Amino acid sequence: MVQKTLTPKEIVEKLDQHIVGQKEAKRAVAIALRNRWRRQNLPKELAEEISPKNIIMIGPTGVGKTEIARRLAKLDNSPFLKIEASKFTEVGYVGRDVESMIRDLVDIAVNMVKAEEQEKVKPRAAEIAEERLLDILLPPGPIEKRVEGQSSEVSLSSYHDQTREKLRRLLREGKLNDRYVDLEVEETRSIPMIEIFTSSGVEDMGLNIKEVFGNIFPQKKKLRRIKVPEALEILEQEEAQKLVDMDKVIKTAIERVEESGIIFLDEIDKIVGSNTEHGPDVSREGVQRDLLPIVEGSNVNTRYGMVKTDHILFIAAGAFSSSKPSDLIPELQGRFPIRVEMEPLGKEEFIRILTEPHNALIKQYTEMLATEGVKIVITDEAIAEIAEFAVMVNEKTENIGARRLYTIMETLLDEISFNAPDLRGKEIVIDANYVKEKLSDIVEDEDLSRYIL
């Protein structure tokens, strides 16, 4: 994977294309990613001894914590899992077993690698699928055709081949697209979910009965009458699955999880015990102790085999409004050596979020409405006004950071979005006055703004 050779500066530049501000956090994750590449280029004996430098991001919701981790994983083509730490509870309490996040990450990696392998065999799968479809369109069998002066065997074979090639040409030119064929497809059945109680806790696992009992329950098939393009697509998928070596997929997926997996542990502050007079919060501290071996490095049993967690990068995040990282148990603190405080977002950052990134909000809404034939033009003054309202609402109510921009944009464009099919061909200019007219009353009424914005 070429992306692994990105320098820290290049990683930050890539992140800048999608996330506004947060320079310190971007630097921290860029160094962590580069360190992973450096470790992989060391002698094996030394590489095994170097553990990843896990990170804690401290800041309120909506400032870019999750987005930084997600974009980082995409840059490195790494298996990525986001999970709330508050979903876990100590063994014996109701909740998920902490090891389940490793199992989930392996499932993600297997699907990733499988999709990559299917893409590689796609040309070959397309060839086989085409032959199968031609067999359906022209089943092999006796053809009543005799040519004078030639043996019956040769003439029949030759005529069959000519007809088949003619059908192949028509198929590739799309002239058979309206034709129906009868195709046997596997009947999709819901996989039963069985709750299993293991020594490590209660775990919901999807068990495919066919996998457990082999071919005792063969897959049911049903005959469907479908158009040629859909039949070709189904056959291509079937052939691609047959061509993929699942043993190789599983081996590669486990290696990728062990060497480049990233787990984003959100709401880490929710498992910090509350300092009350009634003694320690046993359940929360228990979750930390259960997390510790996973973060430190241990072997986790998954349905694909044992997975080592020694070199998985953990990025934790939390608001820490009523606690601080030093309230975590000392052993867990030591496993998160890098601490980054996220910068709060103000009016200038909101303006940049609305306009600068590749997936900027203004671009998203203008392109969405353009599909209806409606052109909306949002002036710079209107954008500044939207940012101002976002800051005001965040100050008056709960501060949800950049997510506030979504609620404001939805409220602002509510009427246009609803009537868009009837406005085809029109150009609508949204200026500062339009923004004030739509939002002023809501923002001024605190009770109303709590519900709407």
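Worth a mention:
- Tensor-based shape of region 25-120 (alpha-carbon gyration tensor, a/c under 1.5 rounded, otherwise prolate or oblate): rounded
- Taking 7 Å steps out from each Cα toward its Cβ at ILE338 and LYS74 produces label points 2.0 nm apart.
- Out-of-range pairs (alpha-carbon distance over 27 Å; input LYS396/LYS438; LYS26/LYS82; LYS14/LYS438; LYS9/LYS65; LYS363/LYS438; LYS14/LYS347): LYS14/LYS438
- Point-to-point label distance, ASP422-LEU167, nm (Cα→Cβ direction, 7 Å offset): 5.3 nm
- Sorting the segments 172-185, 251-264, 370-383 by their residues' average number of neighbouring beta-carbon atoms within 10 angstrom, most packed first, yields 251-264, 370-383, 172-185.
- Using the Cβ-Cβ distance between LYS251 and GLU127 with R0 set to 22 Å, the FRET efficiency from 1/(1 + (r/R0)^6) comes to roughly 0.25.
- Fully extended contour minus Cα-Cα distance, from ARG179 to GLU238, at 0.36 nm per residue: 19.1 nm
- Amide H to amide H, with H built 1.01 Å from N, ILE376 comes under 5 Å of ILE428, counting only residues 5 or more places away or on other chains.
- Rounded percent of accessible protein surface that carbon and sulfur make up, region 1-139, 1.4 Å probe: 53 percent
- Scoring 338-351, 233-246 by mean Cβ neighbours within 10 Å over their residues and listing the highest first yields 338-351, 233-246.
- With every protein chain in place, region 335-453: carbon and sulfur % of accessible area (1.4 Å): 48 percent
- Between the beta carbons of ASP310 and THR355, assuming R0 = 45 Å, the FRET efficiency works out to 0.60 to the nearest 0.05.
- Accessible area per residue for region 8-52 is 59 Å², calculated with a 1.4 Å probe on protein heavy atoms, without ligands, DNA or RNA.
- Estimated inter-spin distance, THR366 and GLU331, nm [label 7 Å along Cα→Cβ]: 5.5 nm
- Rounded if a/c under 1.5, otherwise prolate or oblate - region 1-63, Cα gyration tensor axes: oblate
The values are calculated or read from the model by the stated rules, or taken from the named source; none is laboratory data. If you're wondering where the values come from, they're calculated on a predicted model, not measured in any experiment. Methodologically, a virtual Cβ is constructed for each residue, glycine included, from the backbone with ideal geometry; neighbour enumeration extends over all protein chains shown. Areas reflect the complete protein model, heavy atoms only, side chains present, ligands, DNA and RNA absent. Shrake-Rupley method; radii C 1.70, N 1.55, O 1.52, S 1.80 Å.
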